[in-house]
Amino acid sequence: MTVAVVLLTTAFVTVVALLAAAGAGKLARMDNASYPTALTRAGTTFVAVITLAAVVAGTLTSLLT
């Protein structure tokens, strides 16, 4: 049961990170940024969401144990 929850949570966080990155890239292109700049912003957003999820998970783990 625990493995299923971990896998579903990981999949959910990945999908949210991809959606946030796509939105950041689209907003960058709408702001007349070049494609490399838009990809950089999208990548930065993706990494930021994944990092935030890892920090929150680590904090919750330390609080709940």
Options Thr51, Thr61, Thr40; residue that is of a type outside the set (A, V, I, L, M), open to solvent by 60 Å² or more (accessible area, probe 1.4 Å), modelled with pLDDT under 95 and in a helix (DSSP H, G or I) = Thr61
Segment 5-31 residues that are farther than 14 Å from Ala48 by Cβ, paired with ones that are polar (S, T, N, Q) (beta carbon under 8 Å, 6 or more apart) = Ala28/Thr37
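The values are calculated or read from the model by the stated rules, or taken from the named source; none is laboratory data. Owing to the predicted nature of the structure, the values given are computational and were not obtained by experimental measurement. Reconstructed Cβ throughout: ideal geometry from the backbone, glycine too, with neighbour counts over all protein chains shown. Quick note on the areas: whole protein, heavy atoms, side chains included, nothing else; ligands and nucleic acids left out. Shrake-Rupley method; radii C 1.70, N 1.55, O 1.52, S 1.80 Å.
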